[in-house]
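**Student:** The following block contains the structure, expressed as structure tokens.
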Amino acid sequence: MKELLDLHGIITVLNTPFTQNGAVDLDSLCKNVCTAMSAGVNGFLVPAMASEVDKLTEDERKQIVESVLNETKDQVAVIGGASASTDELRVRNTQIMIDLGCQGVLVNIPYENEYQYELQVHRIADLKPNFLMLQDWDFQGYGLPVSLIQKLFYEVEPFRCLKIEVVPAGFKYSQVLEATKGKLHVSGGWAVMQMIEALDRGIHAFMPTGMHEIYTRIYSLHKSGKREAAQKLFYRLLPVLAFSNQHLDISIHFFKRLLFQQGIYSTPMVREPIMPFDGYHHKIADELILKVKELTDSILSSR
């Protein structure tokens, strides 16, 4: 098995950009990847829920991942999103991501019982991805049993990473890290409003969308022992997160609008069906985008 690339820090989840006629805009995608790498992100997850993955064809998924791999040139990890609605599709998507050359694969497997879950993890692991990241996703509860996570970590060689997105996430970060003696790579995602708590608890990475310079600065400040400075910068970001984290669809609308206004994406286009983003949303989003730009400019000017 290849050596695991450094996955500490910010791993960006990429929104899928679209042209005015609704096609995937690979040029804008690559521009976002370059901007993120310049800001210091340490990897990418693509495609994922924030990528509107369920609205992409198989060919579009491949094109997106190939473009990101070509742009990163093995400088940082590219984690291929292989989640799907059925067991067979998850296996198929995993093989596609491995064949494309992704350094790792992320899979969200719906949990019914331990036997069913273990069986599916072993089916994915048997394909021999360089590393397997399981997504512990549950917006209604606590997700996978910690005892099962521990068992899989010690029994399934490729399982080296876990993305925790449950309610609440904080205590589970600590439970999983303790159960695996800190050896299982643990990252956070949707619980970004608790980012400082997550870093205090010792998670290895965070997987947000956009705002590359701000997130990497918060992480680097905290990592270097400047917790108060990291917290101060993070608090300035909270109004943005309070708005964007209302719902996944609101987040997609907001960050595409941000990337468009930053000149990274050629349009803020989304694919239907998606929650409406009306005039009130636009007004508040534009006010918050100004705050993001001011924060970003202040970080860039201080380098």
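Every read-out reported here was derived from the displayed coordinates using simple, explicitly stated rules and does not represent laboratory data. Everything numeric here is computed off the predicted structure, so don't read it as measured data. Counting neighbours? That spans all protein chains shown, and the Cβs are built from the backbone with ideal geometry, glycine included.
**Student:** In which sequence would Tyr280, Tyr173 go, from the one with the fewest C-beta neighbours within 10 Å to the one with the most?
**Tutor:** Numbers: Tyr280 8, Tyr173 26.
Fewest-to-most ranking of Tyr280, Tyr173: Tyr280, Tyr173.
**Student:** Go through Lys62/Lys183; Lys151/Lys181; Lys172/Lys226; Lys183/Lys232; Lys128/Lys163; Lys128/Lys223 and tell me which ones have a Cα-Cα distance over 22 Å in this structure.
**Tutor:** Lys62/Lys183; Lys172/Lys226; Lys183/Lys232; Lys128/Lys223
**Student:** Compute the distance from the alpha-carbon center of the stretch 135-182 to that of the stretch 80-104, in whole Å.
**Tutor:** Between the Cα centres of the stretch 135-182 and the stretch 80-104 lies a distance of 21 Å.
**Student:** Hey, which aspartates and glutamates would be in cross-link range of Lys293, C-alpha to C-alpha under 17 Å, not counting anything within fewer than 8 residues on its own chain?
**Tutor:** Candidates past the 8-residue exclusion: Glu213.
**Student:** So, with +1 on the Cβ of K and R and -1 on the Cβ of D and E, and no other charges, what is the size of the charge dipole of the stretch 81-226 about its Cα centre, to the nearest 20 debye? Walk me through the intermediate numbers first.
**Tutor:** Details: 14 positive and 16 negative charges, 112 e Å.
Taking the Cα centre of the stretch 81-226 as origin, the dipole is about 540 debye.
**Student:** Another question about this same structure. Can you sort Glu118, Glu155, Glu112 by how many other beta carbons sit within 10 Å, fewest first?
**Tutor:** Numbers: Glu118 16, Glu155 12, Glu112 9.
In order of increasing Cβ crowding within 10 Å: Glu112, Glu155, Glu118.
**Student:** Over the chain, what is the relative contact order in percent, taking alpha-carbon pairs closer than 8 angstrom and at least six residues apart? Present the calculation step by step, with values, prior to reporting the outcome.
**Tutor:** On the way: 500 pairs, mean separation 57.8, N = 303.
Relative contact order, the chain: 19 percent.
**Student:** Which ordering of Phe255, Phe159 is given by a fewest-first count of other beta-carbon atoms within 10 Å?
**Tutor:** On the way: Phe255 25, Phe159 22.
So the ranking, lowest neighbour count to highest, is Phe159, Phe255.
**Student:** Give the separation of the Cα centroids, the stretch 30-69 to the stretch 187-212, in Å.
**Tutor:** 19 Å
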